[in-house]
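Asker: I'd like to ask you about the structure that follows.
The values are calculated or read from the model by the stated rules, or taken from the named source; none is laboratory data. None of the values given here were measured: they were computed from a predicted structure. FYI the Cβ positions are ideal-geometry reconstructions off the backbone, even for glycines, and counts take in every protein chain you see. All accessible areas refer to the heavy atoms of the entire protein, side chains included, with ligands and DNA or RNA removed. Shrake-Rupley method; radii C 1.70, N 1.55, O 1.52, S 1.80 Å.
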Amino acid sequence: MSSTSTGATGTDTDTGTGTGTGITADSVRELLSDRKVFPGLPDDLGEDAELVLDSLGLVWLLHVVEERYGLVVEPTDEDIAGLTSLRRLTRYLRTAQKEGARDDA
């Protein structure tokens with residue numbers, strides 16, 4: 001497993017629609033669909049819609065990412081401040097996943 005902290009704030013517009021174990025916008029949207037943890041998020045959350053995660057929700061999300069993808073992510077305060085949309089959250093996690101794969105190689 002890898003521990004990664006990454007800014008992931010580039011302008012890459014690829015939110016991922018691939019297959020396999022890659023993190024995609026759809027897979028992140030599915031993680032955010034638990035209404036017990038994220039009661040205010042709509043089922044059809046747009047990629048650029050405002051996203052506000054409280055600390056409990058973020059901890060839960062990162063725990064599930066670790067369980068599902070084997071990816072341990074330790075975002076900085078700056079990283080967390082940038083997780084303001086589904087697109088940015090997906091980009092952050094995909095970047096962390098790619099960096100983790102490089103670290104494992």
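Asker: Give segment 69-100 a look and list any residue that's open to solvent by 60 Å² or more (accessible area, probe 1.4 Å) and free of Cβ contacts under 8 Å to residues at least 40 places away in the same chain, or say none.
Answerer: Asp77, Ile80, Ala81, Lys98
Asker: Identify all residues within segment 9-44 that are open to solvent by less than 20 Å² (accessible area, probe 1.4 Å), in a loop (DSSP other than H, G, I, E, B) and either at pLDDT below 90 or within 12 Å of Arg94 (Cα to Cα) (or both); write none if there are none.
Answerer: Residues satisfying the conditions are Thr15, Gly16, Ile23, Thr24.
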